[in-house]
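Undergrad: Right, I'll just put the structure down here and ask away after.
The values are calculated or read from the model by the stated rules, or taken from the named source; none is laboratory data. Note that this is a predicted model, so its numbers are computed, not measured. Backbone-built Cβ (ideal geometry, glycine too); neighbour counts: all protein chains shown. Protein only, heavy atoms only, side chains kept; ligands, DNA and RNA dropped before computing areas. Shrake-Rupley method; radii C 1.70, N 1.55, O 1.52, S 1.80 Å.
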Amino acid sequence: MTADPPSHRADPPRTGECRVPDPDLPLPRVPALTDRFASRTEGMTASEIRALFAVASRPEVVSLAGGMPNLAALPLDTLATEVAELIAKDGQVALQYGSAQGVPVLREQITEVMAVEGIRAHADDVVVTVGSQMALDLVTRLFCNPGDVVLAEGPSYVGALGSFAAYQAEVVHVPLDDDGLRPDALESTLARLARDGVVPKFLYTVPTFHNPAGVTLAVHRRPQVLELCRRYGVLVVEDNPYGLLGFTEEQYPALRSLDPDNVIYLGSFSKTFASGLRVGWALAPAAVRDKLVLAAESATLCPPTFNQLVVSRYLAGHDWLGQIKSFREMYRERRDAMLQALGTHLPSGCRWTHPEGGFFVWLTLPEGVDAKAMLPRAVRAQVAYASGTGFYAGPSSASLGARQLRLSFCYPTPERITEGVRRLAGVLNAELDVLDTFGSPSRTNVRRGPQTPTPDTT
């Protein structure tokens with residue numbers, strides 16, 4: 001009796017054993033790391049503003065690009081004492097894990113801050129976040145599936161557009177004018193989408209002292225915008241980092257104060273206290289709040305307790321409203337310097353907004369001038385700005401923002417602002433000289449010299 005020939009079929013490995021690969025079989029192709037990314041990373045691209053920082057931070061460059069708050073007016077010596085006392089007395093709490101919703105005493109104080117803008121809220125509905133950018137990211141994560149539509153002003157805050165792209169949401173822009181978001185354009189957009197069977201997940205808006213446009217939603221338009229969103233079943237996400245930084249005595253009512261049930265409000269201490277502490281918050285209806293807390297736990301476990309308690313001690317022991325008044329006066333002086341410099345130095349054909357608060361002026365250049373293409377030449381002339389294409393989403397962004405740019409007046413001194421605008425005017429005049437020499441079918445009758453500003457962001 002002959003023995004059976006040996007089988008070429010490998011025995012199944014016993015539990016805990018590792019199979020040695022057959023050297024005669026080809027190994028599967030190992031994909032590159034970039035080939036393993038999730039599809040949603042296709043929307044993650046570096047903003048033009050971030051790419052500028054390496055150059056714009058050089059001392060010889062006047063940066064009119066970034067929206068960094070000026071902290072010179074803060075009482076740093078007093079704050080240093082407060083921080084030392086916090087560590088000495090409450091270090092075991094301040095340096096420990098905390099609640100994902102935030103420190104209770106700070107949440108109560110946040111309701112007092114929001115009351116200045118007419119918001120009546122309970123501390124239980126506040127979720128503290130690592131800056132309002134995190135709150136916006138969490139809201140987008142909660143509501144948006146790939147392909148969902150989000151409405152946003154055109155232009156819109158670049159950080160919001162980054163979050164929407166990361167979650168593969170489609171942004172539909174609604175145009176602005178001197179009085180902010182246009183209700184007629186919002187209504188026509190909502191009606192068009194409804195005919196296509198599309199209900200946007202939410203309207204994202206910066207109604208007060210807009211970033212980047214520098215305009216403010218008129219008081220009479222605010223109920224109109226809210227009523228339209230109610231009628232079409234669209235949630236409103238109100239981003240309001242600049243609302244307390246107005247240059248007049250007028251205090252604009254927050255959208256949340258007019259419609260508590262259909263508005264998620266995002267706030268921040270980055271512009272009114274210290275951006276480096278990264279303390280922001282979301283005020284949301286109860287059903288949304290609970291999900292926000294769960295999402296926050298998965299993202300950061302909890303916001304830094306130490307940072308929250310620093311903010312809390314500041315609010316409890318200082319005249320924070322008086323401090324905000326000091327900021328307002330400082331930024332108003334810088335705004336005035338920028339508007340005066342624009343009127344003195346820029347050529348005819350330029351138009352810009354006249355902000356009543358916040359950090360930014362939105363500038364539209366003469367026909368034929370491309371702000372993004374001009375930027376390297378501006379940096380070579382030692383002045384930096386943020387080109388307008390970064391503030392629009394989608395394939396039409398290049399054309400929508402081509403002639404536009406954002407100028408920030410919050411950080412440089414008035415003297416530096418004036419010098420920066422003078423340098424910018426020199427670069428722009430050189431661009432116009434090239435167009436005069438070689439011709440441009442899209443630009444005619446452009447005159448040089450000072451001109452009266454005509455705010456226009458459409």
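Undergrad: List the lysines whose alpha-carbon lies under 26 Å from that of Lys271, not counting same-chain residues fewer than 8 positions away?
TA: Lys325
Undergrad: Can I ask one more? Positive end of the charge dipole of the chain (Lys, Arg +1 and Asp, Glu -1 on Cβ, about the Cα centre): tell me which of Val83, Ala430, Leu365 has its Cα farthest that way.
TA: Ranked along the dipole, the leading option is Ala430.
Undergrad: As I understand it, the dipole of segment 186-307 uses +1 on the Cβ of Lys and Arg and -1 on the Cβ of Asp and Glu, about the Cα centre. Which of Leu245, Leu226, Phe202 lies farthest toward its positive end?
TA: Phe202
Undergrad: Turning to a different aspect of this structure: What's the angle, to the nearest 10 degrees (0 to 90), between helix 104-115's Cα axis and the longest principal axis of the chain?
TA: 30
Undergrad: Please state the charge dipole magnitude for the chain, taken about the Cα centre, from unit charges on C-beta atoms (+1 on K and R, -1 on D and E), reported in debye and rounded to the nearest 20.
TA: 700
Undergrad: Where does the longest stretch of the chain lie that holds no chymotrypsin sites (Phe, Trp or Tyr not before Pro) found in a DSSP loop with 13 or fewer other Cβ atoms within 10 Å?
TA: Between exposed loop sites, the widest span is 98-458.
Undergrad: Tell me the label only: which of [x] 4, 18, 27, 24, 14, 6, 4, 2, 1, 1, 0, 0; [y] 4, 18, 25, 25, 18, 8, 1, 0; [z] 4, 20, 29, 26, 15, 5, 0, 0 is P(r) over Cα pairs in 10 Å bins from 0, in percent as calculated from this structure?
TA: Computed from the coordinates, P(r) over Cα pairs in 10 Å bins from 0, in percent corresponds to [x].
Undergrad: Taking the solvent-accessible surface of protein heavy atoms with a 1.4 Å probe, what is the per residue accessible area of the chain in Å²?
TA: I get 48 Å² per residue for this part.
Undergrad: Over the chain, what relative contact order in percent results from Cα pairs under 8 Å that are six or more residues apart?
TA: On the way: 804 pairs, mean separation 98.3, N = 458.
Relative contact order here is 21 percent.
Undergrad: Compute the angle between helix 183-195 and the longest alpha-carbon principal axis of the chain, please, reported from 0 to 90 degrees and rounded to the nearest 10.
TA: It is inclined by approximately 30 degrees.
Undergrad: I would also like to ask the following. Among Ala123, Gly349, Pro23, whose Cα projects farthest towards the positive end of the dipole of the chain, with charges put on the beta-carbon of Lys, Arg (+1) and Asp, Glu (-1)?
TA: Of the options given, the answer is Gly349.
Undergrad: Ignoring ligands, DNA and RNA, please state the percent of accessible area on the chain from carbon and sulfur, probe 1.4 Å.
TA: Ligands and nucleic acids excluded, carbon and sulfur give 54 percent.
Undergrad: Could I ask something else about it? Once the Cα atoms of helix 286-300 and of the chain are each reduced to a long axis, what angle between those two axes, in degrees from 0 to 90 to the nearest 10, is obtained?
TA: That works out to roughly 70 degrees.
Undergrad: With loop defined by DSSP as not H, G, I, E or B, and exposure as at most 16 other Cβ atoms within 10 Å, which is the longest segment of the chain clear of exposed GluC sites (Glu not before Pro)?
TA: 61-248
Undergrad: Within segment 377-432, list the trypsin sites (Lys or Arg not before Pro) lying in a DSSP loop whose Cβ has at most 15 other Cβ atoms in a 10 Å radius.
TA: Those that pass, being in a loop and sparsely packed, number zero.
Undergrad: Place a +1 charge on the Cβ of each Lys and Arg in segment 128-196 and a -1 charge on the Cβ of each Asp and Glu, then give the dipole magnitude about the Cα centre in debye, rounded to the nearest 20. Don't jump to the answer; show the numbers that get you there.
TA: Details: 4 positive and 10 negative charges, 60 e Å.
Charge dipole, segment 128-196, about its Cα centre: 280 debye, nearest 20.
Undergrad: Something else: Report, for the chain, the % of DSSP beta bridges that are antiparallel, rounded to 5.
TA: Taking every DSSP beta bridge with both residues in the chain, the antiparallel ones total about 50 percent.
Undergrad: Using +1 on the beta carbon of Lys and Arg, -1 on that of Asp and Glu, and nothing else charged, what's the dipole of segment 52-116 about the Cα centre, debye to 20?
TA: Using Cβ point charges on Lys, Arg, Asp and Glu, segment 52-116 gives about 220 debye.
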